[in-house]
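Just below is one structure, and these are the notes that go with it.
The values are calculated or read from the model by the stated rules, or taken from the named source; none is laboratory data. The structure presented is a predicted model; accordingly, all values stated were derived computationally and were not measured. Positions of Cβ are backbone-derived with ideal geometry, glycine not excepted, and every protein chain shown enters the neighbour counts.
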Amino acid sequence: MNKNKIIFFCMTIMTFISGQVISIDAKQFLSFDSPPYLTPTITPTNSIVINYTTEDPMPSAIAFGRDSSLKDTIRKDEKINFHHIIINNLLPGTEYYYQILYDEKIYKFRTFPIYPDSFNFIVIGDTRTDSASHQSVIDRIFHYDFEFILHTGDLVTYGYSTNNWKTFFNIERKIISSKLFIPVIGNHEKPFWQYDSLFLLPGLENFYSIRFGNVYIICLNTEMDLNGHQRKWLINELSYIKTDTSLHWVFVNCHRPPYSSGSHGSDMKVRKTWSPIFEKFGVDVVFCGHDHSYERTKKINGVIYIVCAGGGAPLYNVGRSEWTAYSERTHHFCLVKVKKKELFLQAIKPDGTIFDTLRLFK
């Protein structure tokens with residue numbers, strides 16, 4: 001997919017959503033003016049991607065620096081709609097200011113430190129459909145200090161909808177303009193090229209990995225072939241990680257849950273294909289979405305699965321299974337605190353109520 005062109009989507013698509021087949025006739029996705037949003041490179045200690053979109057094709061241009069004087073600039077002459085500017089050679093653990101040159105507002109971000117004593121991150125999922133609930137979750141997240149945000153998929157209701165994406169970025173802007181946004185594809189991102197055009201992500205993009213200090217995060221794509229190249233890549237990644245004694249925690253981020261007591265239930269293809277690999281190589285926690293509720297499992301052959309899918313989508317009922325440690329039907333997000341070989345997770349409602357916790361030691 002060429003990220004630098006608007007592609008007009010004018011065809012009939014039959015999309016399976018929420019158990020119904022919906023006919024989409026002559027839909028057209030158009031680029032729009034978005035706020036900037038940050039995605040990671042494979043080296044978040046010294047580089048970053050600044051993304052933004054423009055309704056009209058124009059050159060890419062940003063100014064940045066370690067203070068608000070913004071002494072450095074990056075310009076690209078090609079006129080495009082989907083802008084992805086990589087800034088390299090940054091200092092680790094350092095605050096930077098930046099500005100999109102057609103915009104008056106100055107934003108800030110911080111590179112990840114090389115050897116952090118501790119750090120926090122957020123997990124959120126299924127932010128589609130209910131904008132008021134999505135906004136309430138983001139407003140609560142804004143109160144916390146963290147380095148990056150994982151999204152478990154289904155960012156929007158319809159991947160082809162310009163208005164859906166506008167709404168998403170308008171709600172998330174005060175966070176993802178200053179914190180790294182690390183998403184995976186959900187089924188509602190179909191037909192997917194819009195997602196691919198909007199986000200520049202590390203490596204192969206559809207599935208990728210990033211290291212943050214002693215934490216390794218693997219982002220997988222449940223909307224494509226689970227076997228083949230993706231499975232081989234996953235095994236290679238985990239084989240490499242197992243040899244690195246400085247890595248203490250391995251997390252997976254994906255959309256469809258291998259274990260769920262919610263309305264969709266467990267995705268048996270994901271469980272059969274990937275769970276044995278997670279178990280073999282010692283993955284600690286798998287974060288998932290899709291079932292619009294919260295569920296944390298007990299350790300299943302050493303792996304904990306957490307459905308974190310209450311970011312704004314209409315809530316689903318959730319029951320309990322033999323593997324369930326806690327489940328609840330509620331909008332929420334997770335705050336994960338990592339301090340060397342200790343992990344502390346809190347599941348938090350939009351009003352600030354902490355309704356589940358998990359503490360792990362390595």
Looking at L101 and the list (1) over 30 Å from K340 (Cα atoms); (2) exposed (fewer than 12 other Cβ atoms within 10 Å of the Cβ); (3) outside the structural domain of I171 (by TED's automatic domain parsing), which single condition is not satisfied? (2)
Take the residues in region 220-233 that are free of Cβ contacts under 8 Å to residues at least 40 places away in the same chain and not in a loop (DSSP other than H, G, I, E, B); name whichever of them is surrounded by the most Cβ atoms within 10 Å (Cβ to Cβ). Q230
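If I ask for residues that are assigned to a strand (DSSP E or B), of a type in the set (S, T, N, Q) and more than 30 Å from F361 (Cβ to Cβ), which ones from region 88-123 would you list?
Initial filter on region 88-123 (assigned to a strand (DSSP E or B)): 95-100, 107-110, 118-123.
Now restrict to residues that are of a type in the set (S, T, N, Q): 99, 118, 120.
Of everything in region 88-123, just one residue is assigned to a strand (DSSP E or B), of a type in the set (S, T, N, Q) and more than 30 Å from F361 (Cβ to Cβ), namely Q99.
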So, first residue aromatic (F, W, Y) in region 51-62, second residue at pLDDT 95 or above, Cβ within less than 6 Å, six or more apart or across chains; the pairs are Y52/S34; Y52/P36; Y52/H83; Y52/I100
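Per-residue answers, yes or no, for (1) assigned to a loop (DSSP other than H, G, I, E, B); (2) free of Cβ contacts under 8 Å to residues at least 60 places away in the same chain; (3) farther than 15 Å from L30 by Cα:
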| residue | (1), (2), (3) |
| --- | --- |
| T129 | yes, no, yes |
| R140 | no, no, yes |
| L150 | no, no, yes |
| D154 | yes, no, yes |
| Y160 | yes, no, no |
| K166 | no, no, no |
| F181 | no, no, yes |
| H188 | no, no, yes |
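Residues are listed down the side, and each one gets a yes or a no for (1) in contact with a strand residue (DSSP E or B) (Cβ under 7 Å, 6 or more places away or on another chain); (2) modelled with pLDDT under 95; (3) among the basic types (K, R):
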| site | (1), (2), (3) |
| --- | --- |
| S293 | yes, no, no |
| G302 | no, no, no |
| G311 | yes, no, no |
| R320 | yes, no, yes |
| H331 | no, no, no |
| C334 | yes, no, no |
| K337 | yes, no, yes |
Considering (1) in contact (Cβ under 8 Å) with a residue 40 or more places away in the chain; (2) surrounded by fewer than 17 Cβ atoms within 10 Å (Cβ to Cβ); (3) small (G, A, S), say which one S246 fails and leave the rest. (1)
Flag for T357 being touching a Phe, Trp or Tyr at 6+ places or on another chain (Cβ under 8 Å) and among the polar types (S, T, N, Q): yes
Among V270, V286, which is without any contact (Cβ under 8 Å) to a residue 40 or more places away in the chain, in the same structural domain as K341 (by TED's automatic domain parsing) and either surrounded by 14 or more Cβ atoms within 10 Å (Cβ to Cβ) or not in a helix (DSSP H, G or I) (or both)? V286
Search result, residues across region 87-107 that are β-branched (V, I, T) and either touching a residue at least 40 places away in the same chain (Cβ under 8 Å) or more than 18 Å from N46 (Cα to Cα) (or both): I87, I100, I106
Of these, I62, I80, which one is surrounded by 21 or more Cβ atoms within 10 Å (Cβ to Cβ) and assigned to a strand (DSSP E or B)? I62
Of N236, N301, which residue is in contact with a helix residue (DSSP H, G or I) (Cβ under 6 Å, 6 or more places away or on another chain), of a type outside the set (A, V, I, L, M, F, W, C), without any contact (Cβ under 8 Å) to a residue 40 or more places away in the chain and assigned by TED's automatic domain parsing to the domain that holds H151? N301
Among residues of region 190-208, those that are of a type in the set (G, A, S) and either more than 12 Å from T53 (Cβ to Cβ) or surrounded by fewer than 21 Cβ atoms within 10 Å (Cβ to Cβ) (or both), counted: 1
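From the list F207, F212, F168, F199, exactly one residue is hydrophobic (A, V, I, L, M, F, W, C), in contact with a strand residue (DSSP E or B) (Cβ under 9 Å, 6 or more places away or on another chain), closer than 18 Å to T127 by Cβ and assigned by TED's automatic domain parsing to the domain that holds N236. Which is it? Before you say what the answer is, go through the steps one by one.
Working: F207 fails: closer than 18 Å to T127 by Cβ; F212 fails: closer than 18 Å to T127 by Cβ; F168 fails: in contact with a strand residue (DSSP E or B) (Cβ under 9 Å, 6 or more places away or on another chain).
From the options F207, F212, F168, F199, the qualifying one is F199.
Which residue, of L226, L204, is farther than 21 Å from G310 by Cα and modelled with pLDDT under 95? Steps first, please.
Details: L226 fails: modelled with pLDDT under 95.
That would be L204, the only listed residue that is farther than 21 Å from G310 by Cα and modelled with pLDDT under 95.
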